[in-house]
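Accompanying notes for the structure given below.
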Amino acid sequence: MKILKFYNYILIFSVLFIVAGCEKPYDPYPAFESVPHGLGKYKTGTPTSFFFGNNDSKLEGNLQWISTDGKVTVNEMDLYVTWTEGYLDQDGLPKTASHGKKKLRTLAAGAARTPQDFAWTATDIYNLFKGATFDYKDGAGTRDVFNNPKDPARGASSYFTSNDKFVLTWGFKGSDGRYFDSWSGGICSNSVGANCQLAFNVVCISELAGTYDYRAIGWCGTEKTGTMEFKSTGTGVYAPILDGGAEPDFSFGAYAACYGPTATLPGGDLKLNDACNKLSFSGKSRWGETYEFREIRVNGGELYISWKNDYDPEAGEIYITRKDGKNWPALRK
């Protein structure tokens, strides 16, 4: 019996030795799969954002694929757009609506490190997402993003607004059938000559600057007429200068109509802001008053503004008429 057990031990050790001998030795430096990556760029000297109010806004770029070891050939390059929208919830808190990721188009890849040109417009992006719906959690339920009564800036004249953010990404189809659409953080942000996305958004070109005719009505009922200049003091920031005055008149003529031609003007750090056709006051007068718009209407070349401040009864109206034959943009409060 002891001899039998001895032979059994020999047999077991022999099998273990054979199996262990067949195992592949441990390699501390494994071979990594060949993975191509890319480099996307905007064309030099071209816009990198859409312009508000212009659905024909066009962006131009190029994309190349790169294979550092030359073991993979890319046949096609797909372009994708991801769209998010900033908004305020029913409590006035900033939120982000995600409207998904859509395929923009497919490019022929060309040879490695050979940029392939492409272009896209705001209308192209609209056509990708025109069926988008979202529940903004304001009690109105899910609705069409492009027909949202609580977002009057978005409409037929401008599909997108400054609240919108976009990211263009890509995916590569290899000749071996593999698909590559994600890379390490090192490739995306730390490698020279490589990236993983192009971001773009919507910027506004403000066109209020100029000199116009006006008719102002103060809270006292007295009217005043003359010329008014919207003087640009920064990007989308204006000072209303009436009748060639030395300083801005944020009462739009009402102080002179009600207090007399030598009245001290509001002054302070008040500013008139135009952000994608939305007019607003910022700052306070020299006496600490804040200003707000009660109503803004556009009728072709005539702009109507009704305002008030927090010192009762100061308020006023003004009709501002263009002299260049053009219409005012769709201004609103």
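Scanning the range 170-190 for residues that are buried (at least 21 other Cβ atoms within 10 Å of the Cβ) and either modelled with pLDDT under 95 or touching a helix residue (DSSP H, G or I) at 6+ places or on another chain (Cβ under 6 Å) (or both) returns no hits. Evaluation of A246 against the conditions (1) at pLDDT below 95; (2) surrounded by 15 or more Cβ atoms within 10 Å (Cβ to Cβ); (3) of a type in the set (A, V, I, L, M) shows that the sole unmet condition is (2). Just one of (1) out of contact with any Leu (no Cβ under 9 Å at 6 or more places or on another chain); (2) more than 22 Å from L104 (Cβ to Cβ) fails for G193. It is (1).
Are any residues in the range 149-179 part of a strand (DSSP E or B) and small (G, A, S), and if so, which ones?
Hits for the range 149-179 are G155, S158, G171, G174.
Applying the selection to the range 103-114, what residues are surrounded by fewer than 16 Cβ atoms within 10 Å (Cβ to Cβ) and either outside the structural domain of F50 (by TED's automatic domain parsing) or not hydroxyl-bearing (S, T, Y) (or both)? Within the range 103-114, K103, R105, A108, G110, A111, A112, R113 meet the criteria.
Taken across the range 288-306, residues that are crowded, with 19+ Cβ neighbours inside 10 Å and among the hydrophobic types (A, V, I, L, M, F, W, C) do occur, with at least one present.
Scan the range 161-169 and give yes if some residue there is exposed (fewer than 14 other Cβ atoms within 10 Å of the Cβ), touching a residue at least 24 places away in the same chain (Cβ under 8 Å), touching a strand residue (DSSP E or B) at 6+ places or on another chain (Cβ under 6 Å) and basic (K, R), otherwise no. Looking through the range 161-169, none of the residues is exposed (fewer than 14 other Cβ atoms within 10 Å of the Cβ), touching a residue at least 24 places away in the same chain (Cβ under 8 Å), touching a strand residue (DSSP E or B) at 6+ places or on another chain (Cβ under 6 Å) and basic (K, R). Among all positions in the range 205-221, there is no residue which is at pLDDT 95 or above, touching a Cys at 6+ places or on another chain (Cβ under 7 Å), in a strand (DSSP E or B) and of a type in the set (V, I, T). The set of residues from the range 95-123 being of a type in the set (A, V, I, L, M) and farther than 28 Å from T142 by Cβ comprises L107, A108, A109, A111, A112, A119. The residues of the range 74-93 that are surrounded by fewer than 16 Cβ atoms within 10 Å (Cβ to Cβ) and more than 21 Å from G141 (Cβ to Cβ), listed by number, are N75, E76. When we screen P240, P313, P329, P266 for residues that are more than 28 Å from the chain's Cα centre (by Cα), within 28 Å of F51 (Cβ to Cβ), touching a residue at least 24 places away in the same chain (Cβ under 8 Å) and not assigned by TED's automatic domain parsing to the domain that holds S162, the only hit is P240.
Quick check: anything in the range 166-180 closer than 22 Å to A275 by Cβ and among the polar types (S, T, N, Q)? No: the range 166-180 contains no residue that is closer than 22 Å to A275 by Cβ and among the polar types (S, T, N, Q). Comparison of F146, F118 shows that the only residue that is assigned to a strand (DSSP E or B), surrounded by 15 or more Cβ atoms within 10 Å (Cβ to Cβ) and not acidic (D, E) is F118. Screening C188 on (1) in contact (Cβ under 8 Å) with a residue 24 or more places away in the chain; (2) out of contact with any Lys or Arg (no Cβ under 7 Å at 6 or more places or on another chain); (3) more than 30 Å from T262 (Cα to Cα) shows it passes everything except condition (1). The requirement of being over 30 Å from K101 (Cβ atoms) and free of Cβ contacts under 8 Å to residues at least 60 places away in the same chain is fulfilled somewhere in the range 200-211, by at least one residue.
From the list F252, F230, F293, F281, the lone residue that is of a type in the set (A, V, I, L, M, F, W, C) and over 30 Å from F160 (Cβ atoms) is F252. Of the residues making up the range 79-102, not a single one is in the same structural domain as G139 (by TED's automatic domain parsing), modelled with pLDDT of 95 or more and either more than 25 Å from the chain's Cα centre (by Cα) or not in a strand (DSSP E or B) (or both).
Residue count for the range 291-316 under the criterion of being touching an Asp or Glu at 6+ places or on another chain (Cβ under 7 Å) and outside any strand (DSSP E or B): the result is 2.
The values are calculated or read from the model by the stated rules, or taken from the named source; none is laboratory data. For clarity, every value in this text was computed on a predicted model and none was experimentally measured. As a convention, Cβ positions derive from the backbone with ideal geometry for all residues, glycine included, and neighbour counts pool all protein chains shown.
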